[in-house]
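The values are calculated or read from the model by the stated rules, or taken from the named source; none is laboratory data. Everything numeric in this text was worked out from a predicted model, so none of it was measured. Please note: Cβ atoms are built from the backbone with ideal geometry, for glycine as well, and neighbour counts cover all protein chains shown. We work out accessible area using only protein heavy atoms, side chains counted, and drop any ligands, DNA or RNA first. Shrake-Rupley method; radii C 1.70, N 1.55, O 1.52, S 1.80 Å.
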Amino acid sequence: MLALFGELVTEQIATYGYVAIFLLMALESACVPIPSEVTMLFAGALVSAPFLAPEQQLDLVTVALVGAVANLVGSWLAYWAGYAGGRPLVDRWGRYLLLRPHEIDRAYAWFDRYGHEAVFFGRLLPVVRTFISLPAGVARMNFWKFSLYTLLGCLPWTFGLAFLGYKLGERWDEVERLLRPVSWLVAVLLVAGVGWWVWRRVRYLRTHPPRPEEDPEGRAEEQQPASC
């Protein structure tokens, strides 16, 4: 995502400033994989290196706060999408993710117990932070607690990246050249990891067929009266 969206992200921030930062960070938090790393790093770089976008005069604290608030707003969208769909959404689409009902039950119970910690620490992890709000809504986590832990998790992320961008602002061209190969490496590793997980899951499901009580179609057949 860094490699694919990096140039687009920097162009939008250089043109629209705080508005672009808000929209990009809100979308990233609403399950759209826009790299907040590039958004906040470049926004912080503009503070110390205004020559990157002479028409934009940005403030470091404002940049970080706009990013955090935008993340919160975007997380509300994902939360309510999960909340509206609820458990039926997971039951219906979970099989396409190679998940069985008892595994969904276990994940649901885990999130119900550790949801606060998951939301907070999930906001500090790349990729995970983009999607963590959706299961929080599915698990019907208390909205106000969800909002609090989301904001607390977003603040160190946005302030840290903005400050790092501020320190690297004068050397942004070097940073951009470094990010490109690293981002492609991360993308390759991510695709390889997903492929490995899918292969392992398919192999497991083939060697461990579902029990009758776990097979909705099987249950439906059992409920049908025998034909004469």
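Whenever a residue of region 35-56 is under 16 Å from L8 (Cβ atoms) and assigned to a loop (DSSP other than H, G, I, E, B), its partners that are open to solvent by less than 10 Å² (accessible area, probe 1.4 Å) and modelled with pLDDT of 80 or more, lying with C-beta atoms within less than 6 angstrom and at least six residues away or across chains, give the pairs A53/L46. Criterion applied to A20, A70, A64 was being closer than 23 Å to N142 by Cα, open to solvent by less than 60 Å² (accessible area, probe 1.4 Å), modelled with pLDDT of 85 or more and not in a loop (DSSP other than H, G, I, E, B), and the one residue passing it is A70. Would you confirm whether any residue within region 93-101 is in a helix (DSSP H, G or I), open to solvent by less than 80 Å² (accessible area, probe 1.4 Å) and at pLDDT 80 or above? There is no residue in region 93-101 that is in a helix (DSSP H, G or I), open to solvent by less than 80 Å² (accessible area, probe 1.4 Å) and at pLDDT 80 or above. Scanning region 118-152 for residues that are free of Cβ contacts under 8 Å to residues at least 24 places away in the same chain and open to solvent by 60 Å² or more (accessible area, probe 1.4 Å) yields L125, V128, N142, W144, L148.
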